[in-house]
Amino acid sequence: MYQKYSMYRNDETVFSPYVLKKLCAEAKANADAGMLTLFGAMSEDAVPVAFTADVHLMRRAKERLGTSYAEIVMADVIRAAEHSETLGQAILDAMDDAGDNGKKFNILAIWIEEQDLFAYLFCYESRVHITTVLSFKRVYFVNPYVVFLRVLKCGKTLSGYGESGRFAPSAMRKFKNAMV
């Protein structure tokens with residue numbers, strides 16, 4: 001039911017009844033906290049992961065667009081993570097690092113060229129929370145203290161700003177100690 005955006009949605013080896021039960025418990029807890037939850041599976045091992053978005057993103061989108069923009073954004077992020085082994089592995093590494101080092105979370109910044117979608121992913125030990133979604137900007141200002149990955153239309157995943165001029169370091173220093 002929740003895994004409908006995953007390309008592995010019908011694969012019982014990825015979403016076994018046990019794993020699905022654990023993920024549904026996570027989704028219920030997230031819903032009680034006011035979050036929407038969708039499931040994806042990343043990396044070559046197809047590791048199941050819960051993706052969340054908060055009430056603010058959902059409410060504002062519903063008011064402005066009349067649709068659940070959060071689900072659309074979440075589906076795009078899950079699709080990119082499932083199709084880009086580099087992005088999927090970076091998310092899993094950030095989740096592992098948060099759990100292993102006692103940090104609350106790690107942050108990744110991503111840009112998906114096909115949708116011209118920029119977002120910050122807060123990678124907790126048990127889930128990925130999508131925040132600060134922007135699209136169709138001439139220049140995206142990226143926090144210099146976070147890992148930044150660009151997923152291109154051709155399927156390649158590149159790190160850093162590149163030479164296009166579309167990305168520049170932000171003056172924001174909020175997450176200076178959140179990353180490795």
Here the qualifying pairs (Cβ atoms under 6 Å; residues six or more apart or on different chains; first in segment 6-19 and closer than 19 Å to residue 79 by Cα; second hydroxyl-bearing (Ser, Thr, Tyr) and surrounded by 12 or more Cβ atoms within 10 Å (Cβ to Cβ)) come out as 14/8
State all residues of segment 84-129 that are in contact with a Leu (Cβ under 6 Å, 6 or more places away or on another chain), open to solvent by less than 20 Å² (accessible area, probe 1.4 Å) and closer than 21 Å to residue 166 by Cα; if no residue qualifies, say none. 87, 108, 110, 118, 121
Pairing a residue in segment 139-163 that is touching a residue at least 12 places away in the same chain (Cβ under 8 Å) and more than 12 Å from residue 107 (Cα to Cα) with any residue that is of a type outside the set (A, V, I, L, M, F, W, C) and in a strand (DSSP E or B), where Cβ atoms lie under 6 Å and the two sit 6 or more apart in sequence or on different chains, gives 151/157
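So, of the residues in segment 131-168 that are among the polar types (S, T, N, Q) and under 27 Å from residue 37 (Cβ atoms), which turns out to be modelled with the highest pLDDT?
Among them, the one singled out is 157.
Return yes or no: is residue 124 of a type in the set (Ser, Thr, Tyr) and touching a strand residue (DSSP E or B) at 6+ places or on another chain (Cβ under 8 Å)?
Answer is no for this residue.
The values are calculated or read from the model by the stated rules, or taken from the named source; none is laboratory data. For clarity, every value in this text was computed on a predicted model and none was experimentally measured. Please note: Cβ atoms are built from the backbone with ideal geometry, for glycine as well, and neighbour counts cover all protein chains shown. The protein model used for the area step is the full one, side chains on, heavy atoms only, and it has no ligands, DNA or RNA in it. Shrake-Rupley method; radii C 1.70, N 1.55, O 1.52, S 1.80 Å.
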